[in-house]
Amino acid sequence: MSETGKVYLIGAGPGDPGLVTVRARQLIERADVIVYDYLANPQILDWARDEAERIYVGKTAGRHSIPQDEIEEILVARAKKGLQVVRLKGGDPFVFGRGGEEIQELEIDKIPYEIVPGVTAALATAAYAGIPLSHRNFSSAITFLTGHENPEKHTLSIDFRDYGTTKGTLCIYMGIGQLPRIVNELKAGGMSGEMPVAIIEWATLNRQRSVFSTLDSIVADLEASGLGAPAMVVIGEVVAQRAKTEWFEGRPLFGKRIVVTRAREQAGQLSALLTSQGAEVIELPFISVEQHFDPKRLGEVLAGIAVYEWIIFTSANGVKHFFDLFYKAYDDIRCLGPMRIAAVGAATAQEIEKHKLKVDLIPKKANADALAQELIENEGVESVQILVVTGNQNRESLVQRLESDEGRAIVDTLSVYRTSKSDLRKNPAAERFRQEGADAVLFTSSSTVKSFVDQHADLKLENGARKPAFGSIGPLTTKTLKELKLPVAFEATQASLEHFVVETMSFLRA
Ligand code: SAH
């Protein structure tokens, strides 16, 4: 370990966290300090260690950003303490990002540094608006320009008349504020009023918006659209060559904000499905799930595991925690014995199949009653020893039916995890939900509904926030919503995440 730390000047890309480089992510993950500004998406700070110091140096409402020399002081002082300092900048650090000034300062102070390029806004906006920046017939040069070098200085730093006769594409950063002057100068320099122009605001994020126009009409069209900074102005024949399908803004859930209520560890899959359709997702884990069991009971069940003829799993969580405990006791899957395996639904079955175990029974309707019924009717369970693996929320009706005169099975239950309500009061995502609202809240279980209702007072939406519709993953969740007097706007036709997303799309697009 050296005495001095190091500064990493990193491009954070245009906004979408997926466009951050692998190298940047590695460095963010191990940083001691992260100094970031307005255009670096704060979501990527979630990759940092909890202990990492996060310093915001961008502008805030009503206040100018921290002066450049203070930022440089922060970097130098932290690095001198031996810390690994990440300086995150939107886009690329060397494209209108004052990266050059920062490294000069580091060199004066003999602070070692590294530079990681990023996807600059011009490239990202073009890609996400479907505009090819170069084209064999229309554009053989690409120019990056800035409307004003310093956002606080409202003057043009270049003579746009020089670019009036360009045969290429102009990408103008920070051009919105000075657009009328830029347009006039380009025309004075010889550019046709018919020249196609695009303006793209907040590119690559789910709030991206764009206007397409011509040099003559863009000022009026921009005003009518209400778009503002940050936005990129793209001028050139290539704008007219843009893709016909709007691959990004045209996605089914584009512009929709959706709340996912599952426990943190489980939210990812549903969030990913929604995001891939264009939605902006707010994860509010209303419940948390943790391993929990009675050691004595677990010991008994595992010692006698081979006597069961059937093992029934009522949730994917049950499968996960059961096998985790099982492998702690045994190191050979054959210790499970020759039992047959039932799963309440497709998601649970998938979790079982990860262990290369075949699932013998999944009921046609994904619920515990249907499972009991199919076992009783199709398999016959009289005097059969069955193990039911569950969580702390009891599955009494399943056990009762199997043991009743209908079934006469001998049933043992093993609870391996506990679901509890989580407190969202301090969660920043909850704050966003209160301020901005959402188009839909997706409930994936009765327990998420109950926790939502409990915390309703703390989640009261502010004026102007979008009022969400409530979606349910299946009949049981719907029942709970109704009992708690929440209106159910839509229900998945089958209890799977994929069906839930399809139903969400058809509801929100209707
Ligand atoms: N270093 C950055 C540029 C910083 S200057 C980069 O390489 O991208 C800030 C300007 O970049 C904004 O005024 C806007 O013109 C442009 N910009 C940055 N992010 C943008 C985005 N997501 N969508 C549109 N324009 C963006």
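From the list L484, L424, L461, L414, exactly one residue is farther than 30 Å from D369 by Cα and in contact with a Lys or Arg (Cβ under 8 Å, 6 or more places away or on another chain). Which is it? Reasoning before the result, please.
Details: L484 fails: farther than 30 Å from D369 by Cα; L424 fails: in contact with a Lys or Arg (Cβ under 8 Å, 6 or more places away or on another chain); L414 fails: farther than 30 Å from D369 by Cα.
Only one candidate passes the filter, namely L461.
Just for helices (runs of 4 or more DSSP H) wholly inside the range 411-510: which have at least 3 residues that are small (G, A, S)? Quick ask: steps written out before the conclusion?
Working: elements: 428-436, 446-454, 475-483, 497-509.
Result: 446-454.
For the subset of the range 58-78 comprising residues that are surrounded by fewer than 16 Cβ atoms within 10 Å (Cβ to Cβ) and in a helix (DSSP H, G or I), which member is farthest from the ligand (Cβ to nearest atom)?
A77
Determine if the range 317-324 includes at least one residue that is modelled with pLDDT of 95 or more and loosely packed, with under 13 Cβ neighbours inside 10 Å.
yes
Of the residues A469, A430, which single one is of a type in the set (G, A, S) and out of contact with any strand residue (DSSP E or B) (no Cβ under 6 Å at 6 or more places or on another chain)? Show your work before the answer.
On the way: A469 fails: out of contact with any strand residue (DSSP E or B) (no Cβ under 6 Å at 6 or more places or on another chain).
Answer to the selection: A430.
So how many residues does the range 2-55 have that are away from the ligand (no atom under 16 Å from the Cβ) and either closer than 21 Å to M174 by Cα or in contact with a strand residue (DSSP E or B) (Cβ under 9 Å, 6 or more places away or on another chain) (or both)?
17
Here are Q277, Q266: which of them is touching a residue at least 24 places away in the same chain (Cβ under 8 Å) and surrounded by 20 or more Cβ atoms within 10 Å (Cβ to Cβ)?
On the way: Q277 fails: surrounded by 20 or more Cβ atoms within 10 Å (Cβ to Cβ).
Result of the check over Q277, Q266: Q266.
Give just the number: which of (1) out of contact with any Phe, Trp or Tyr (no Cβ under 8 Å at 6 or more places or on another chain); (2) touching a residue at least 12 places away in the same chain (Cβ under 8 Å); (3) not polar (S, T, N, Q) does D37 not satisfy?
Against the list (1) out of contact with any Phe, Trp or Tyr (no Cβ under 8 Å at 6 or more places or on another chain); (2) touching a residue at least 12 places away in the same chain (Cβ under 8 Å); (3) not polar (S, T, N, Q), D37 comes up short only on (1).
In the range 79-133, which residues are assigned to a loop (DSSP other than H, G, I, E, B) and either of a type in the set (F, W, Y) or more than 16 Å from the ligand (Cβ to nearest atom) (or both)?
Narrowing the range 79-133 to residues assigned to a loop (DSSP other than H, G, I, E, B): 81-83, 90, 92-98, 109-112, 117-120, 130-133.
Those that are assigned to a loop (DSSP other than H, G, I, E, B) and either of a type in the set (F, W, Y) or more than 16 Å from the ligand (Cβ to nearest atom) (or both): K81, G82, L83, F94, F96, D109, K110, I111, P112, P132.
Within the range 137-157, does at least one residue satisfy the condition of being in contact (Cβ under 8 Å) with a residue 24 or more places away in the chain, within 30 Å of V35 (Cα to Cα), within 11 Å of the ligand (Cβ to nearest atom) and crowded, with 22+ Cβ neighbours inside 10 Å?
Yes; the residues of the range 137-157 include at least one that is in contact (Cβ under 8 Å) with a residue 24 or more places away in the chain, within 30 Å of V35 (Cα to Cα), within 11 Å of the ligand (Cβ to nearest atom) and crowded, with 22+ Cβ neighbours inside 10 Å.
Looking at the range 201-235 only, could you name the residues that are away from the ligand (no atom under 16 Å from the Cβ) and in contact (Cβ under 8 Å) with a residue 40 or more places away in the chain?
The first filter runs over the range 201-235 and keeps only residues away from the ligand (no atom under 16 Å from the Cβ), leaving 213-217, 219-221, 223-224.
V219 - this is the single residue of the range 201-235 that is away from the ligand (no atom under 16 Å from the Cβ) and in contact (Cβ under 8 Å) with a residue 40 or more places away in the chain.
Just name the residue that is farthest from the chain's Cα centre (by Cα) out of those in the range 464-481 that are of a type outside the set (A, V, I, L, M, F, W, C) and farther than 23 Å from D369 by Cα.
As a first pass, look at the range 464-481 and keep what is of a type outside the set (A, V, I, L, M, F, W, C): 464, 466-468, 471-472, 474-475, 477-480.
Those still in the list that are farther than 23 Å from D369 by Cα too: 464, 466-468.
Values: G464: 24, R466: 19, K467: 21, P468: 19 Å.
Among those residues, the one meeting the criterion is G464.
The values are calculated or read from the model by the stated rules, or taken from the named source; none is laboratory data. Since the model is a prediction, treat every value here as computed from it, not as a measurement. Here the Cβ is made from the backbone with ideal geometry for all residues, glycine too, and neighbour counts use every protein chain on show.
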